[in-house]
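This report concerns only the one structure given below.
Read-outs throughout are calculated quantities, based only on the coordinates presented, and are distinct from any laboratory measurement. Just so we're clear, the structure is a prediction, and the values are computed from it rather than from any experiment. Heads up, the Cβs are rebuilt from the backbone with ideal geometry, glycines too, and the neighbour counts pull from every protein chain shown.
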Amino acid sequence: MQSPLIPNLSDQEISAIDNEIAHAPCRAAVAIDALKIVQSHRGWVSDASLQAIARHLHMSAAELDGIATFYNLIFRRPVGEQVILLCNSITCWIKGASQIQQQISARLHIGLGETSADNQYTLLPVTCLGACDRAPVMLVGEQLHTHLDDAALELIFRSREEAEE
Amino acid sequence: MSLDRPLTRNVRPDRTPTDLAAYEANGGYQGLRRALGKLVPAECLQIIKDSNLRGRGGAGFPTGMKWSFVPMENASPGHKYLVCNADEMEPGTFKDRLLLECDPHQLIEGMILAAYTIQADIAYIFIRAEYHLAAQLLREAIAACNAKGYLGENILGSDYSLTMHVHTSAGRYICGEETALINSLEGKRATPRAKPPFPQVSGLWGRPTIVNNVETLCNIPHIIERGADWFQALGLTADAGTKMYGVSGRVKNPGCWELPMGTPIREILMEYAGGMEDGYQLRGFLPGGGSTDFLTPEHLDLAMDYDTIGKAGSRMGTGTMIILDDKTCPVGFVTNLMEFFARESCGFCTPCRDGLPWSAQVLNDIEQGRGLPEDLHTLARQVTFIGAIGNTHCALAPGAMEPLASGLKYFREDFERHISGGHCPWCDGGVN
């Protein structure tokens, strides 16, 4: 019998996870895929989600949490609608990533690791994004933005604000 | 004379991807047609061995030799795996992204040929989470290959079958270490494994596994199609083939170019990258990513290949240079890298987990003007003890020590000026 305290995964989530299990040698092998699938539906992985995934994969929640917390792109705390992954590795740093971060922080009133009050954005640092020829760069959601400067930031955030209106 | 650039022949200036039809129209899958049913795996292996192809992920290990360790005739029954390492995350490295986004079929053809050579029946592309476009293109390319008979059961009517999957990662630089990558593919924490056993014998799920970098695998179709002698002749020095070279930092034209292996550094920097931006002078550079030793302007006439750069006291690594200019603080530069490596330590072994944050703290103190003269001794001791291969579980921490060790060697006066002056001469976080 299932514990009433642990929510069920949605049919969509279960179907996507089971697709992965179909070509894996054991259920626990898809732990990272399963965490990513649930996160793609819910934005982050809550304790309750973690327990539901663990139950589906026949793992302990503690073991799964050890995996979830290892990876920086599995979010164990709520994040905003859009996650900003700002590259602060070497070439972007040379090209002014620190100033870009200050601009973003001033605009959205958040520091690294924080979510804006309107829940639109979470700002996180990320390892070199592999676009050093176009530094400084950042990802907003899945969109890569390159050659960042004040004007570029203005364009990115204003067009997003307009799109929401 | 026009240069032969096999890896980037389908790369368009606007970076739009090459689809299956365009890839085939430009000679794609000819290497595969040449091999399957006509060459036995041992013959393919011999061609790759003869070509002198070396791993393009950074270590430069001979690819044919790596593959030769996979048990063949006497292999125990069960799966064998080929894994493409598309977890490009080395600071300052942006070459695999170009190959993945512009010509996904070239990689897939290389993987099918590599898998055929070691008789693997399952292949994975392990790609970093942030490469959304590349992952999507690869999934579409694999679907197209399944429909066309390049992948799946009895490829091109042969008795060889191969299944290919894309695995998108969930972050962490350490996943690029091949045994950590294998643990991550198994759904675990990406902690590197002890070696031996080596993955070629006991890798994914304890089965023989080859892990190769994107650029390495992209070379395979061309070598199989055109032969080892052709490939050898592409290089200007003892190392064979072409290489994806890159330059980033304060240069006029940062970018990535396929050039003959052994192209002089000066040519890459001046002709392709256009030289330094106006108002900036070259002080030094990391030749191949964040975990390689600094070289200086006196090294500009060296050939960019594994052995030459190795003899100069650094490593060619990924072949993508990071430029240190005169308006960027060398201490800040090294501090940024050390903070990166400290953040990315997997935490398994103490010298790395505790040593790298210690180094980062000392460096940060110096950069912020709080450094003491004895801090330079502390850093030198860290280089000695953390930098020695064998003192740590994997190569991450020794790699982190390379820019520090060479930074102390070439820019010692700048470290000393921070300490004696009590502030960073470049101020404002180290960047002009």
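The residue that is surrounded by the fewest Cβ atoms within 10 Å (Cβ to Cβ), counting only those in the range A:138-148 that are at negative phi and more than 10 Å from chain B (Cβ to nearest Cβ), is A:THR146. Taking every residue in the range A:39-62 that is within 17 Å of A:CYS26 (Cα to Cα) and pairing it with any residue that is among the small types (Gly, Ala, Ser) and not in a helix (DSSP H, G or I), at least 6 positions away or on another chain, the pairs with Cβ-Cβ distances below 7 Å are A:ALA54/A:SER60. Looking at the range B:163-178, is at least one residue more than 13 Å from every other protein chain (Cβ to nearest Cβ) and more than 21 Å from B:GLU24 (Cα to Cα)? Within the range B:163-178, one or more residues are more than 13 Å from every other protein chain (Cβ to nearest Cβ) and more than 21 Å from B:GLU24 (Cα to Cα).
Residues in the range B:245-265 that are more than 12 Å from chain A (Cβ to nearest Cβ) and either without any contact (Cβ under 8 Å) to a residue 24 or more places away in the chain or more than 21 Å from B:GLU298 (Cα to Cα) (or both): 3 in all.
If you filter the range A:24-41 down to residues that are facing another protein chain (nearest Cβ under 7 Å) and over 14 Å from the mean Cα position of the chain (by Cα), you find that the one that is nearest to A:ARG76 (Cα to Cα) is A:ALA31.
Scanning the range A:89-107 for residues that are more than 7 Å from chain B (Cβ to nearest Cβ) and in contact with a Phe, Trp or Tyr (Cβ under 8 Å, 6 or more places away or on another chain) yields one hit, A:ARG107.
Taking helices (runs of 4 or more DSSP H) as the structural unit, those lying wholly within the range B:37-126 and holding at least 3 residues that are within 14 Å of another protein chain (Cβ to nearest Cβ) correspond to B:95-102.
There is at least one residue in the range B:268-286 that is within 14 Å of chain A (Cβ to nearest Cβ) and under 16 Å from the mean Cα position of the chain (by Cα). Evaluation of A:ALA24 against the conditions (1) over 27 Å from A:THR122 (Cβ atoms); (2) assigned to a helix (DSSP H, G or I) shows that the sole unmet condition is (2). Within the range B:217-230, the set of residues being surrounded by fewer than 24 Cβ atoms within 10 Å (Cβ to Cβ) and either closer than 25 Å to B:TYR272 by Cα or among the basic types (Lys, Arg) (or both) comprises B:ARG226, B:TRP230.
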